Structures are given as structure tokens and as C-alpha cells.
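> First the structure, which I've put down as C-alpha cells, then a few questions once you've had a look.
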Amino acid sequence: MTEQANTAAPASGSRASVKKLKTAARATAYQKEWFMGLKERVESGEPLAIVNADVPQEILRAMDIPYVVNQWWSAVCSAKQMAPYYLNLLNECGYRQDLCRYCSLALAAAIDPEPEKGPWGGLPKPTVAITRLTCDSQAKIFELLAQEYGVPFYPLENTVPLQIPDEWWTKARRNWDELFEPHRLDLMVEDFKGLIRFLETNTGKTFSESRFKEVMKLVNEQAEYNKKTRDLIARTIPAPVSITDTVQTVMVPQWQRGTEWAVDIARSLYEEVSDLVERKEAANPNERIRLAWVGRGLWFNLGFYQHFEEKYGASFIWSIYLGLAADAYARYGEDSLRTLASRFVGMEDMLHMPPWNSDWYVKEAKLNQIDGVVHLISDSCTQGAGGTYFIKKAFEAAGIPVLQLRADPVDARSWDDSAMIKELEQFLEERVKVRA
Ligand code: SF4
């Protein structure tokens, strides 16, 4: 049976996105090449870690431990229209249909009796599993996954802030010790030391301080290019690119953080966008409305956004992916492990906790000259759905219309394309006041 045989029919109306940038094509093509290389390394006896997106991958990079990011794998399965197969498998095993879907596809791959039929020959068996306790379900999903594979599991603690910051994005790069309470950083540094010991014990690899410093430097270089790209798109009307091109071109290298390749892609993206601006070439020459997509990408239907460009001149030019890559990753400091802790300690707050996230969304909407916001909410994700009332309120207070669209970012089974298009068209016509 081929890979195709496990592939469910595409969701109704699901369409591939049409990318324009050469860098986007390079980044997308690299994923498969990298994954096949990773599989070869694992087959030849190297360890493999399966990690959640908010785990400090820089430590694994510095230890030369190959790793797969849970949410990256979910996006790949979804884009290949395999999520329905995996989610049905979980349901057949007794997990209810509306359980966390975005973070469960690697668990489904672990229980799949024919794992080799997954994307690109399937996920190899990991050596260790690592997550952070940032929501109620993470620990359970990774514990079950580790049990299924019979491998050790390391859960990293999560803390919450007791202070509400003013404009965190102005302090995160260099003044992060004013932003995050010291006890939070202290605990995270100790947790990271525990993780390094766990990895050394279970993989036989060793941690190199000098290599770690190089990785941290490369991550900052990548983040600075992302900031320049975000700023350029923000001030250019019509926008040189839309999220159709930027989401994958930012996220594929985000999971390769700390490599020369990732810096090269971030630089290439910036140069290609600059070139378009100089030549006055727009993603959509008929841009009349600039939209922001708040929330996770619609991984099984990345071409969805383009319909509104064509019909209304309404371009999705902003997503959390480039925005966060520009504001939330760069960190400068003398003590590398504490500096790394400052990258992760508040990530959950920035993404999911009002007013950390809502203030930043509004700041980004204003900077990017956004006319309307579409917020994808997946109700089964308690982590992501929690603060949505306050996000809506913050946009409305700023005079920016917002549509809350309820759908799962990977579960194509529940997607009703025509209903979603109708809802968004109604929003554009009635709230953003644009005609087809
Ligand atoms: S609550 Fe959300 S982030 Fe947490 S495991 Fe479920 S889907 Fe993932």
C-alpha cells in the first residue's frame, strides 16, 4: 500500500496554496529532504526526540540530537490530508472526537498498526519524549505517547506571571530580566539543567557550552531578519507578500532554529521581499483590505485565504507566525541558559494569556495597517480558546472589526468550506464594508 492509500479525501473545498516566492518553494521542499535525512540518522542508530513546540529545542540542537516537533508533524499530516485517518484511529481507540486534535497526531502515529504509511514513510520511533506542562492535556498526550513507544518522558514545568507587563515586546529582546519575574527564570534554568542531564543519560550525547552559544547566536540572526521582513510588509501598501507565502517560509526554519540553513532562509525571505518592494510588485495589486489571521494556520486548507483576495481584494497579510518570529524569539544576554529561559518562560503568556496576547495583537494590527481580523478558534483547545473573549474586546476597543471563526486547524472532517466562506464574506461585506 502506498502513502496515498492512507490518505483521506481532502476536506470539502480544501485547496493547495499557490506560492509566489522562491524562498517559500525552497523552504517547503527542504522539509522532506531534511526528514528523510533524519530518518537515515535514526536508522543508523542515532537517537530521536519527539518534542512539543514550546520545548527549548536549542538544547537539543547544541547536543546534536535529531528531533521532530509535534505541531510540525501535525501540520505535515494535515497538509497531506492524513489527519482524518489519524483522528479516526484515535476515535476507534476510544478517544472522543472533540479531544485535543492539533497535538494528538503524533500519538495517533504511535498507535498506528502500519506507521510506515504515514507522510514520507512515517514517523520513526523516538528515543525520548519531551513536553511542557503548559495545558492540561500536554502531559497526558506525551505520557501516553512515551508509553506506546516504551521510551522515557521528560515534562518541563510551566509557571504563570503575577505581573501584567506594559508592552512586553519593547523589553523582550534585551531587558527581559525586567519583564519576567526572577523566580520563574530560576526554576526554568534548573529545569533546563535537569533536561540536559536527562538527555545525556538517555541519548549518550553531551552538552557543549560553546556549541550552545553558537546556536543562540544563529537564532538571534534569524529573528532579526524576521523582524526586518515583518516591518517591511507592515509599512508597504499594497503588501509585497501575503501569509500564503510567509507562513511556511517562517515556520519551516523556525523548527530548524539554530542552523545556518534557517538563517539563510530568513535572510533570503527578507531579500526577496525587499526586492519586490523595490520593484513595486504586490502580492495582490488590487489590495483594498488588509486582513490579519489570528490563531493557528488552517493546515489542511492553506489556499483558503486566496479566495478573498480574488473576490474582494482582501489580503491576509498578517499571521502570528511572522509576528512572533519578529518579536518573541530574539534574546540577548551573557548567561546563555538563563537567556534561553527568557525565550520560553513567557511564550505561553504571549500566545494565550490576555492582556499579554491581546495587547500585542492590537499593536501588530495597527503596525500592519490591518482593516479586519479573522480569529480561528478551536474550542477543544482549552489553552487557545481560553482568552478569546478578551481578544475580541481588545480589537473592538481599538476600532478593528473581528470575526471569530470556529474550526479545528487540523481536523478536516468538521470543516464546511462553503459555510466558512459565507461567514467570512458576510463579515467582509457587513463589518469591514467591502464589496465584491
Ligand atoms: S489544549 Fe490545546 S495546546 Fe493543549 S494539548 Fe490540547 S490542543 Fe494542544
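The values are calculated or read from the model by the stated rules, or taken from the named source; none is laboratory data. Predicted model only: the values in this text are computed from it and were never measured. Methodologically, a virtual Cβ is constructed for each residue, glycine included, from the backbone with ideal geometry; neighbour enumeration extends over all protein chains shown. Side chains included, ligands, DNA and RNA excluded: accessible areas come from the protein's heavy atoms. Shrake-Rupley method; radii C 1.70, N 1.55, O 1.52, S 1.80 Å.
> Going by the structure shown, is Leu144 surrounded by fewer than 19 Cβ atoms within 10 Å (Cβ to Cβ), within 14 Å of the ligand (Cβ to nearest atom), over 29 Å from Ala223 (Cα atoms) and at pLDDT 95 or above?
Yes, satisfied.
> Report, by residue number, each residue of the range 204-244 that is in a helix (DSSP H, G or I), under 29 Å from Ala49 (Cα atoms) and open to solvent by less than 50 Å² (accessible area, probe 1.4 Å).
Phe212, Val215, Met216, Leu218, Val219, Asn220, Gln222, Ala223, Asn226
> I'd like the full set of residues that are crowded, with 20+ Cβ neighbours inside 10 Å, without any contact (Cβ under 8 Å) to a residue 40 or more places away in the chain and outside any helix (DSSP H, G or I), limited to the range 70-96.
Result: no residue meets the conditions.
> Also, I was wondering about something else. Which ones in the range 371-390 are in contact with a helix residue (DSSP H, G or I) (Cβ under 8 Å, 6 or more places away or on another chain) and β-branched (Val, Ile, Thr)?
Val373, Val374, Ile377, Thr382
> To continue, here is another question. Run Lys117 past the list (1) at pLDDT below 95; (2) within 18 Å of the chain's Cα centre (by Cα); (3) within 23 Å of Thr28 (Cβ to Cβ) and report the number of the one that doesn't hold.
Evaluating Lys117 over (1) at pLDDT below 95; (2) within 18 Å of the chain's Cα centre (by Cα); (3) within 23 Å of Thr28 (Cβ to Cβ) leaves (2) as the failure.
> Is it the case, given these coordinates, that Gln163 is within 16 Å of the ligand (Cβ to nearest atom) and in a loop (DSSP other than H, G, I, E, B)?
No; evaluated as a whole, the condition is false for this residue.
> Would you check if there is a residue in the range 126-136 being open to solvent by less than 40 Å² (accessible area, probe 1.4 Å) and touching a Lys or Arg at 6+ places or on another chain (Cβ under 9 Å)?
No; the residues of the range 126-136 include none that is open to solvent by less than 40 Å² (accessible area, probe 1.4 Å) and touching a Lys or Arg at 6+ places or on another chain (Cβ under 9 Å).
> Assess whether Pro124 counts as being out of contact with any Cys (no Cβ under 7 Å at 6 or more places or on another chain) and without any contact (Cβ under 8 Å) to a residue 24 or more places away in the chain.
Taking the combined requirement at face value, the residue does not satisfy it.
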